[in-house]
Amino acid sequence: MALKIGVVGFGQRAGLWKHAQRTEGVEVTVVCDTSERGRRDAAAALPDAVVTDDLGRLLESGIDALLVTTPDHAHRSVAVPALEAGIAVFCEKPMATTLDDCDAILRAGYENKTRLYLGHNMRHMPVITQLRDLITEGRIGEVKAVWCRHFVSHGGDYYFKDWHADRRYSTGLLLQKGAHDLDVIHWLAGGYSTAVSAMGSLSVYGDITDRRDRTGERMGEWFSLDNWPPASLTGLNPVVDVEDISMMQMRLDNGVLASYEQCHFTPDYWRNYTVIGTEGRVENFGDGPGDQIGLWNRRHMGSAEPDESMIIGGGSGGHGGADPVMIAEFLRFVTDGGETRTSPIAARQAVAAALLATESIRGDNSCLPIPELDPDLVRYYEDNQA
């Protein structure tokens, strides 16, 4: 009997359905989208599936699992009723745009004992898994610091021409874009942030006055490498009130100190992680297949070439092959349960760090504590929802 999958939100990340549909014994049977464009695209891509704008119809269709790929602010309104209906949920990152929404999703999974999986695909990216393997093997000793610089050359096209630019829907890009990296920082460091502070500003895109409503369009239809320099972009979202450059600091519960910098008007697009331990450090140069990780574990005078270098691996599919691996893990979790590389608790803690850092930016840049989670929820999810 086929595992029946539904999709809610047939937009930019809905393409994950392809990895599910290509799996033997899995069938995407129903799609729900409130937009005419989304329903039209779904009908063309999945002619045998039911396409509807009615969430209730989807939830009553007999599906076993659901991919929630709506805009971030709508995650709770879909995930909670699905979990309450006993339908296993894949929720794309970030988990939600408020802590209340995150905790409501966690509680719905806990109270209904319905499986919840978070789509932090970077935990499956080769650059990250290779860095973590070096750390867990003890190659740099005990981790004491993690630094991440995120250069986003496509920021104007990716995040300032649609709903992402409006804080009512995205909260800010430390959350929408940074949730990936904050989760990875926590994972590499082996702990969660207990306090954060940050500075940031809308330095470039706020000065662009050429705006228009792109309802019904998709990012691929306006994206171009020719859209350069950033200040020359046109057709930005009518509302642009999120930061395009941000810098945050974190204190973790295990004593590790971390920092995250994000800029949306750089000429290059990649993430640079530096992890420093008591016996060395690792750093990536480029973050895709064929790029390099350097390891230093001997003392040097001045700048030095890595003591060891490793080539970053990769596979087919999005994010260096991470997307198909992530969906395969979700499908296995739906049917068999067990341990997963991604974590609902970690996803909530990444959102918490991003939200409080954004609050720090928009306040007086002070250090703010991360609200604690209900210990019962922590125990349940850290026990693999058993």
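The values are calculated or read from the model by the stated rules, or taken from the named source; none is laboratory data. Worth saying up front: this structure is predicted, and the values here are computed from it rather than measured. Glycine also receives a Cβ, built like all others from the backbone with ideal geometry; neighbour counts cover every protein chain displayed. Each accessible area value is taken on the protein alone, full model and side chains, heavy atoms only, with ligands, DNA and RNA left out. Shrake-Rupley method; radii C 1.70, N 1.55, O 1.52, S 1.80 Å.
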Can you name every residue in region 45-69 that is open to solvent by 20 Å² or more (accessible area, probe 1.4 Å), among the small types (Gly, Ala, Ser) and under 22 Å from MET95 (Cα atoms)? GLY56
Identify all residues within region 1-44 that are surrounded by fewer than 18 Cβ atoms within 10 Å (Cβ to Cβ) and among the hydrophobic types (A, V, I, L, M, F, W, C); write none if there are none. MET1, ALA2, ALA43, ALA44
Checked against (1) among the aliphatic types (A, V, I, L, M); (2) open to solvent by 10 Å² or more (accessible area, probe 1.4 Å); (3) touching a strand residue (DSSP E or B) at 6+ places or on another chain (Cβ under 6 Å); (4) within 25 Å of LEU257 (Cβ to Cβ), LEU295 satisfies every condition except (2)
Of the residues VAL351, VAL334, only one is touching a Cys at 6+ places or on another chain (Cβ under 6 Å) and open to solvent by less than 30 Å² (accessible area, probe 1.4 Å); which? VAL351
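Looking at the structure I just gave you, is ASP157 among the acidic types (Asp, Glu) and within 22 Å of GLY320 (Cα to Cα)? Outline the logic, then answer.
Numbers: among the acidic types (Asp, Glu): yes; within 22 Å of GLY320 (Cα to Cα): yes.
It is true that ASP157 is among the acidic types (Asp, Glu) and within 22 Å of GLY320 (Cα to Cα).
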For the structure I just gave you, tell me whether TYR269 is surrounded by 13 or more Cβ atoms within 10 Å (Cβ to Cβ), in contact with a helix residue (DSSP H, G or I) (Cβ under 7 Å, 6 or more places away or on another chain) and among the aromatic types (Phe, Trp, Tyr). no
Conditions (1) at pLDDT below 95; (2) open to solvent by 60 Å² or more (accessible area, probe 1.4 Å): number failed by GLY321: (2)
Among the residues that make up region 221-236, is at least one of them more than 16 Å from CYS263 (Cα to Cα), among the β-branched types (Val, Ile, Thr), assigned to a loop (DSSP other than H, G, I, E, B) and touching an Asp or Glu at 6+ places or on another chain (Cβ under 7 Å)? yes
So is GLU339 buried (at least 16 other Cβ atoms within 10 Å of the Cβ) and over 20 Å from LEU16 (Cα atoms) or not? no
Does at least one position in region 300-318 carry a residue that is in contact (Cβ under 8 Å) with a residue 12 or more places away in the chain, more than 22 Å from ASP72 (Cβ to Cβ) and touching a His at 6+ places or on another chain (Cβ under 8 Å)? yes
Pairs please, first residue from region 369-386 and more than 17 Å from ALA88 (Cα to Cα) and open to solvent by 60 Å² or more (accessible area, probe 1.4 Å), second anywhere and among the hydroxyl-bearing types (Ser, Thr, Tyr) and part of a helix (DSSP H, G or I), Cβ atoms under 9 Å, 6+ apart in sequence or on different chains. ASP376/TYR110
I want to confirm something. Restricting to region 95-140 and keeping residues that are in a loop (DSSP other than H, G, I, E, B) and open to solvent by 20 Å² or more (accessible area, probe 1.4 Å), which single residue is farthest from ASP64 (Cα to Cα)? ARG139
If a residue has to be within 22 Å of the chain's Cα centre (by Cα), more than 23 Å from MET122 (Cα to Cα) and of a type in the set (A, V, I, L, M, F, W, C) to count, how many in region 336-369 make the cut? 1
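Go through region 241-264 and report how many residues are assigned to a loop (DSSP other than H, G, I, E, B) and crowded, with 21+ Cβ neighbours inside 10 Å. Explain how you work it out, then say what you get.
Going residue by residue through region 241-264, those that are assigned to a loop (DSSP other than H, G, I, E, B) are 241-244, 253-256, 264.
Filter once more, so that each one left must be crowded, with 21+ Cβ neighbours inside 10 Å: 242-244, 256, 264.
Residues in region 241-264 being assigned to a loop (DSSP other than H, G, I, E, B) and crowded, with 21+ Cβ neighbours inside 10 Å: 5 in total.
Kindly indicate the residue of region 298-315 that is among the hydrophobic types (A, V, I, L, M, F, W, C) and open to solvent by 40 Å² or more (accessible area, probe 1.4 Å) and also farthest from MET122 (Cα to Cα) among those meeting that condition. So that I can check it myself, show each step before the final result.
Within region 298-315, the subset among the hydrophobic types (A, V, I, L, M, F, W, C) is 301, 304, 310-312.
Still in the list and also open to solvent by 40 Å² or more (accessible area, probe 1.4 Å): 301, 310-311.
Numbers: MET301: 34, MET310: 19, ILE311: 17 Å.
Filtering first and then ranking leaves MET301.
Would you tally the residues in region 272-285 being surrounded by 15 or more Cβ atoms within 10 Å (Cβ to Cβ) and without any contact (Cβ under 8 Å) to a residue 40 or more places away in the chain?
Of the residues in region 272-285, the ones surrounded by 15 or more Cβ atoms within 10 Å (Cβ to Cβ) are 272-277, 280-284.
Going one step further and asking which of them are without any contact (Cβ under 8 Å) to a residue 40 or more places away in the chain, we end up with 283.
Going through region 272-285 one residue at a time, the tally reaches 1.
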Would you say GLY86 is open to solvent by 40 Å² or more (accessible area, probe 1.4 Å), within 18 Å of LEU331 (Cβ to Cβ) and touching a Ser or Thr at 6+ places or on another chain (Cβ under 6 Å)? yes
Would you be able to say whether some residue in region 346-365 is touching a residue at least 12 places away in the same chain (Cβ under 8 Å), in a strand (DSSP E or B) and farther than 30 Å from GLN12 by Cα? no
